[in-house]
Each structure stands twice: as C-alpha cells, then as structure tokens.
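> One structure, pasted below without further comment.
Derivation of every value follows stated rules applied to the coordinates shown; laboratory data play no part. Owing to the predicted nature of the structure, the values given are computational and were not obtained by experimental measurement. Because the Cβ atoms are built from the backbone with ideal geometry, glycine has one as well, and the counts that use them run over all protein chains shown.
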Amino acid sequence: MSFSSISWGVNSMIRYEVIIYWSNEDHAFIAEVPELPGCAADGKTYQEALTNVEVVIHEWVETAGLLGRTIPEPRGRLMYA
C-alpha cells in the first residue's frame, strides 16, 4: 500500500487486528497490532488501551509512509495454529 492511497479522517476505520490483554507486570491493558511491527499501546482500562492504540496505528502508518517504507495491507483476523 502506498502512503498516498491512505487518508486518515476523523471517522476513518481501523482495519488492522488489535489484540488486547491485561499485563500484571505493567498493571495495565496492552494493545498490540501484530501486522505492524512494534505497534502497541497501553492503558489503565480496556477502552483506554484501544483508544491509545488507534492513535499509534495512525502514527505508525504516517511515519512509514513518510519514510517510504511499505505499509502492510490489513488482512483482518490472523489465524494462529
């Protein structure tokens, strides 16, 4: 996907899979985006972690585009063995 084909509006939908879990070590919910390496956020609540990771997804994609890096197409639900 090219950076120019992405437009992030206020109502844009996040199409990447997000995995959210509780971390006893961090005392927070962690939200990870497996399709975007290193893309993760945390929050005191489930909703806060989800809101924070939505911001980080937009930043990840924007930064990758500005650097000319490949932006993975969202594949939806990933299957694990």
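> Provide the packing ranking of 38-45, 63-70, i.e. peptides ordered by the mean count of other C-beta atoms within 10 Å per residue, highest first.
38-45, 63-70
> Follow-up question, since we're still on this one. Taking 7 Å along the Cα-to-C-beta vector as the label spot, tell me the ARG69-ASN52 distance in nanometres, rounded to one decimal.
Here the modelled spin labels are 2.1 nm apart.
> Which of the peptides 15-24, 52-61 is most tightly packed, and how do the rest follow, going by the mean number of other Cβ atoms within 10 Å of each residue?
52-61, 15-24
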